[in-house]
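A short worksheet on the structure shown next.
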Amino acid sequence: YYLWLGLGFHGSFKLRPKQTSASFYFKIAIGKAVNELIQLSGLSRTKFYRCFNREMGISVHRWIQLQKARAIRDAASEPEMTVSDLRARFDFVSPGNFVRYCRNYFGCTPSQLIRRCNMGKPVPIVG
């Protein structure tokens with residue numbers, strides 16, 4: 001599963017020569033997101049974290065977790081989505097880990113999340 005990250009850098013990030021736009025996009029895998037972003041930015045790890053936090057207003061890790069939670073919530077609203085399908089799509093190894101994740105980020109179990117999403121009820125991200 002991939003996320004698209006669009007960041008507008010206002011002179012704080014030095015772009016590689018092949019990147020000519022001040023705003024560009026990264027296609028990142030959730031599991032390897034931070035290292036891929038750092039590599040693509042061409043910055044040191046410390047500078048990248050500092051610049052990202054300044055541009056986005058939150059830490060890299062927190063941003064990735066929120067993007068993952070949004071993606072899970074969106075996938076849960078797909079017709080005929082099951083808990084097993086959702087867990088497999090987002091690479092949760094054990095059902096227990098997925099239940100804990102959903103309780104932490106949505107305040108409900110995976111089956112409750114799917115039910116609420118399919119009923120059209122708003123499901124805020126609380127974690």
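Bear in mind these aren't lab numbers, they're just calculated from the coordinates by the rules spelled out. Computed from a prediction, not measured in an experiment: that's the story for all the values here. For neighbour counting, all protein chains shown are included, and Cβ atoms are generated from backbone atoms with ideal geometry for every residue, glycine included.
Over all orientations, segment 61-127 has a Cα convex hull whose mean projected area works out to 4.0 square nanometres.
Note on Cys108 and Thr46: with the Förster distance fixed at 41 Å, the Cβ-Cβ geometry gives a FRET efficiency of about 0.60.
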